[in-house]
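Novice: This is the structure I have questions about; it appears just below.
The values are calculated or read from the model by the stated rules, or taken from the named source; none is laboratory data. Model, not experiment: these values are computed from the prediction. Positions of Cβ are generated from backbone atoms using ideal geometry, with glycine treated the same way; all protein chains shown enter the neighbour counts.
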Amino acid sequence: MLGVICASLVSKKARKMVEGIAHTYSILKAEIKPDDRVVWFHAASLGEFEQGRPLMERLRLEHPEYKILLTFFSPSGYEVRKNYEGADVICYLPFDTIGNALSFIRIAHPEIAIFIKYEFWKNYLTIARHRGVKLYSVSSIFRPGQYFFQWYGSAKVLRQFDHLFVQNEQSKELLHSIGIDCTTVVGDTRLDRVIDIKNAAKDLPLVEQFVGNSHCFVAGSSWGPDEEIYIPYFAKHKDWKLIIAPHVISEVHLKSIDKLLAANGLTSVRYTDIEKGAPVPEGTNVIIVNCFGKLSSIYRYGKVAVVGGGFGVGIHNVPEAAVYGIPVLFGPNNRKFKEAQELKACGGSFEYVDADSFASLMDNFINNPDELAKAGAAAGRYINGNAGAADKCFKAIFDAH
């Protein structure tokens, strides 16, 4: 807590968090009345929000008697979804102190609390359970190296949950090893969410016109190390169109992409420019998506996708691309991502570690269309075959109330 406060002096992101937390209690007092029936969802950031979203939207539809409270810890979640219409009240969750937890639970008085994936807040969970709140963990996943499973660790915080809906059998077995058996393996609710996103995807005539009859490679959540590998490859395959959606949309990053493209003889246009009516110059090979909210719809125009982050922070949302039945490539930092591992195992996703391994994968797809089709079909089957986690969680939680 002290570290975040100190960081807020120099970090805009940390400052937004501290300022947002300062308004939490006033928001709760204004929006939640004593007789409201409240269901509380907590997501650390945007990814966890997407995992909880299918449950929130179904709750809104089937049980309108509940008021939905959504809290975030990270500004990257709150700032993007602070106006989300699927929740009645949206705010930051104050730091996990006894005093904060007492005040928050007293004012919000939830009947049910759903913590998504890695969210294990000791004081909030302990006090909520003491107050009779039903507590659930959704889409949680556990690994042997985590604190709970070490000789010096403690599972006390996990014992506060009434039930944990975990992603895989390993998680269930690990929890069993420390005496926790209130678990059900349901998979990841994120797969339900990406199917919903696909079904609601918008037609993008500008992208469709750009791609035309060409094959298209979509680079989603792209970072510099990935760009240094795939951009030179497509300089040699200009019959393919390239769409780059950077993870960080800053002018510094955009200019670095421009420079790399120019060095490889590729011409580009920015999405917002063509959206405003600017013509796409003849021979343009690349669209740079310099805005948010388009990527999930853009994947539908791809024949192959890369999901960035695998040379740094860890890969981003692989299922968001795979749901369209296209093979997904990513860098080596993918071991902790369950869907990536399972997609690799079934032949729907592939890892590259350098320019040579990337070229080998792409050459195989280009030279063997049947292999490309086979990999895409495997990706689509995996997503559809493993959907349904949200439905299982929802029925178990809300049919009991």
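Novice: Go through the residues of region 250-262 one by one and say whether even a single one is modelled with pLDDT of 95 or more, over 27 Å from the mean Cα position of the chain (by Cα), among the polar types (S, T, N, Q) and surrounded by fewer than 21 Cβ atoms within 10 Å (Cβ to Cβ).
Specialist: There is no residue in region 250-262 that is modelled with pLDDT of 95 or more, over 27 Å from the mean Cα position of the chain (by Cα), among the polar types (S, T, N, Q) and surrounded by fewer than 21 Cβ atoms within 10 Å (Cβ to Cβ).
Novice: Given the condition in contact (Cβ under 8 Å) with a residue 12 or more places away in the chain, touching an Asp or Glu at 6+ places or on another chain (Cβ under 6 Å) and surrounded by 15 or more Cβ atoms within 10 Å (Cβ to Cβ), answer yes or no: does some residue in region 366-384 qualify?
Specialist: Checking region 366-384: not a single residue is in contact (Cβ under 8 Å) with a residue 12 or more places away in the chain, touching an Asp or Glu at 6+ places or on another chain (Cβ under 6 Å) and surrounded by 15 or more Cβ atoms within 10 Å (Cβ to Cβ).
Novice: Just checking: which of the strands (runs of 3 or more DSSP E) contained wholly in region 118-197 hold 1 or more residues that are in contact with a Ser or Thr (Cβ under 6 Å, 6 or more places away or on another chain) and outside the structural domain of Pro319 (by TED's automatic domain parsing)?
Specialist: So the answer is 134-140, 163-166.
Novice: Which residues, counting only those in region 263-277, are surrounded by fewer than 21 Cβ atoms within 10 Å (Cβ to Cβ) and closer than 19 Å to Asp203 by Cα?
Specialist: Arg270, Thr272, Asp273, Ile274, Glu275, Lys276, Gly277
Novice: Of these, Glu227, Glu208, which one is part of a helix (DSSP H, G or I), assigned by TED's automatic domain parsing to the domain that holds Lys259 and closer than 26 Å to Gly314 by Cβ?
Specialist: Glu227 is the lone residue from the list that is part of a helix (DSSP H, G or I), assigned by TED's automatic domain parsing to the domain that holds Lys259 and closer than 26 Å to Gly314 by Cβ.
Novice: Out of the residues in region 16-51 that are hydroxyl-bearing (Ser, Thr, Tyr), closer than 18 Å to Asn100 by Cα and in contact (Cβ under 8 Å) with a residue 24 or more places away in the chain, which is surrounded by the most Cβ atoms within 10 Å (Cβ to Cβ)?
Specialist: Thr24
Novice: Just to be sure, is Arg60 in the same structural domain as His163 (by TED's automatic domain parsing), touching a strand residue (DSSP E or B) at 6+ places or on another chain (Cβ under 9 Å) and closer than 25 Å to Ala389 by Cβ?
Specialist: So Arg60 fits the description; yes.
Novice: Any residue that is in the same structural domain as Glu50 (by TED's automatic domain parsing) and more than 21 Å from Arg53 (Cβ to Cβ) - is there at least one of those in region 83-94?
Specialist: Looking through region 83-94, at least one residue is in the same structural domain as Glu50 (by TED's automatic domain parsing) and more than 21 Å from Arg53 (Cβ to Cβ).
Novice: Considering only residues that are among the aliphatic types (A, V, I, L, M) and either more than 17 Å from the chain's Cα centre (by Cα) or in a loop (DSSP other than H, G, I, E, B) (or both), which ones fall in region 280-298?
Specialist: Selection gives Val280, Val286, Ile287, Ile288, Val289.
Novice: Here is a check on your reading of the model: is Val306 in contact with a helix residue (DSSP H, G or I) (Cβ under 9 Å, 6 or more places away or on another chain) and modelled with pLDDT under 95?
Specialist: Answer is no for this residue.
Novice: Any idea how many residues of region 96-154 are of a type in the set (Val, Ile, Thr), closer than 22 Å to Val166 by Cα and surrounded by fewer than 20 Cβ atoms within 10 Å (Cβ to Cβ)?
Specialist: 2
Novice: A follow-up question, please. If we keep just the residues of region 75-95 that are acidic (Asp, Glu) and not in a helix (DSSP H, G or I), which is surrounded by the fewest Cβ atoms within 10 Å (Cβ to Cβ)?
Specialist: So, considering only residues that are acidic (Asp, Glu) and not in a helix (DSSP H, G or I), the one surrounded by the fewest Cβ atoms within 10 Å (Cβ to Cβ) is Glu85.
Novice: So Ala387 fits all but one of (1) surrounded by 15 or more Cβ atoms within 10 Å (Cβ to Cβ); (2) in a helix (DSSP H, G or I); what number is the exception?
Specialist: Only one criterion in (1) surrounded by 15 or more Cβ atoms within 10 Å (Cβ to Cβ); (2) in a helix (DSSP H, G or I) is unmet by Ala387, namely (2).
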